[in-house]
1. Other chains' Cβ within 10 Å of A:178-186 residues: what's the mean?
2. What whole-number distance in Å separates the alpha-carbon centres of the stretch A:172-198 and the stretch A:129-153?
3. Select from B:S43, B:S168, B:S26 the residue whose mean-square fluctuation is largest in a Gaussian network model of chain B (Cα-Cα springs shorter than 10 Å).
4. Within the stretch A:49-150, which GluC sites (Glu not before Pro) sit in a loop by DSSP and count at most 13 neighbouring Cβ atoms inside 10 Å?
5. Just the number please: accessible area per residue for the stretch A:1-68, 1.4 Å probe, all protein chains included, in Å².
6. Under the convention of a label 7 Å out along Cα→Cβ, give the distances in nm from A:V85 to the same position in every other copy, shortest first.
7. Counting other Cβ atoms within 10 Å, keep those with at most 10, restrict to DSSP loop, and tell me which trypsin sites (Lys or Arg not before Pro) in the stretch B:1-67 are left.
8. Placing +1 at every Lys and Arg Cβ and -1 at every Asp and Glu Cβ, with all other atoms neutral, what dipole size does chain A have around its Cα centre, in debye to the nearest 20?
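The values are calculated or read from the model by the stated rules, or taken from the named source; none is laboratory data. Bear in mind the structure is a predicted one, so any value in this text is a computation, not a measurement. Reconstructed Cβ throughout: ideal geometry from the backbone, glycine too, with neighbour counts over all protein chains shown. Only protein heavy atoms, including side chains, enter the accessible area calculation; ligands, DNA and RNA are left aside. Shrake-Rupley method; radii C 1.70, N 1.55, O 1.52, S 1.80 Å.
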There are 2 protein chains.
Amino acid sequence: MREFVLIHNHAPTDPDAVRLKDLPGSGRFDLACRFVTQTLLYSHGVRTDTVAHLVLNGPPNPPVTITVNGSRVRRLYPDERTTAVHLRRALAADPDTEPHPGIFVRRIGLEELLEEKKGAKIYYLAEDGTDITEIDPEPDSVFILGDHEGPTEEQDELLRRKAHATVSLGPVPYHADQCVVIVHNHLDRRHPPDYASP
Amino acid sequence: MREFVLIHNHAPTDPDAVRLKDLPGSGRFDLACRFVTQTLLYSHGVRTDTVAHLVLNGPPNPPVTITVNGSRVRRLYPDERTTAVHLRRALAADPDTEPHPGIFVRRIGLEELLEEKKGAKIYYLAEDGTDITEIDPEPDSVFILGDHEGPTEEQDELLRRKAHATVSLGPVPYHADQCVVIVHNHLDRRHPPDYASP
């Protein structure tokens with residue numbers, strides 16, 4: 001299973017703070033939406049072998065982790081707005097529930113999520129990392145990314161300690177959702193998923 | 001200069017048909033928006049060496065080509081909605097004008113655009129193409145993509161005739177905006193742009 005984690009330190013944890021008419025002004029919620037769709041969608045399909053974890057650390061009630069599981073999710077579309085509606089509904093739901101098929105919400109943060117993934121290979125995406133073509137991650141890996149301002153110092157330290165390797169994707173710094181697309185393409189080529197063409 | 005062309009056969013050419021609350025239902029205008037932002041933005045910057053051409057062939061007045069030039073564009077943000085507002089304003093403007101800095105609108109279609117690019121190397125992205133790693137396109141190239149339903153038979157024929165090569169990006173079919181990210185990453189690695197880190 002491929003797993004991607006976005007540590008989003010600015011995205012609100014109150015559903016009423018997510019304004020559909022101004023997702024960027026809602027703690028860069030647009031980034032959270034694109035992260036989910038680029039992690040889980042390819043042309044005309046959902047990546048059934050992939051999971052997206054959003055660790056939301058914005059006000060007023062951090063942390064909240066929303067997990068979208070590609071093998072179960074329904075009605076996930078590529079645009080930001082419909083995804084924002086799904087995520088907002090998850091924020092409004094009781095913790096430890098599945099308010100929409102394949103979308104789970106929990107009151108845990110990065111440390112607890114990392115603890116859960118202890119058995120898996122964890123790759124931390126950072127500009128000073130080793131190039132992905134040299135590292136060649138396994139398909140069953142967890143890739144962790146920061147938001148537009150990057151992880152905090154403490155998060156960075158924790159991630160470097162827990163990660164199997166830090167990974168870079170080339171000489172240009174990319175948005176988190178662009179990083180996901182590039183990592184997927186790397187893995188698709190080396191470890192074609194079931195939904196790849198033969 | 002890197003140039004990307006999206007042939008969008010469903011996107012409306014009437015600004016009033018672009019509903020910001022339902023971009024997917026507005027002839028998949030969400031795809032047009034993501035194509036522009038993924039073509040021109042990287043983390044905290046605009047790709048000043050890159051141009052996005054949107055060839056819109058939807059009702060009621062096709063064709064319309066909107067060109068967004070990375071070296072001139074102002075106030076381009078990564079989210080779909082603000083980009084939709086820019087593009088809608090371009091559709092409302094008189095043809096052959098620059099209604100917003102770096103955004104140009106013209107009443108031309110694919111054939112005329114290809115005629116303009118006659119001197120450049122043209123690459124047509126198609127699933128049956130040669131892998132991009134084998135082709136290794138030059139940085140000064142034009143990459144042409146279809147929308148969610150792909151080019152028509154006539155467009156496909158024209159493109160195969162005019163293109164230097166047809167290019168594939170791996171075994172999984174991607175959304176047009178995901179293709180752009182993958183092509184950029186390929187070029188960034190082989191021909192680092194000015195804004196790449198040293």
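1. 6
2. 13 Å
3. B:S43
4. On the way: sites: A:E80, A:E111, A:E112, A:E115, A:E116, A:E127, A:E134, A:E149; in loops: A:E149.
Loop-located and lightly packed - A:E149.
5. I get 27 Å² per residue for the stretch A:1-68.
6. So the label point of A:V85 gives 2.1 nm to the other copies.
7. On the way: sites: B:R2, B:R19, B:K21, B:R28, B:R34, B:R47; in loops: B:R19, B:K21, B:R28, B:R47.
Answer by residue number: B:K21.
8. Working: 22 positive and 31 negative charges, 146 e Å.
Approximately 700 debye in magnitude.
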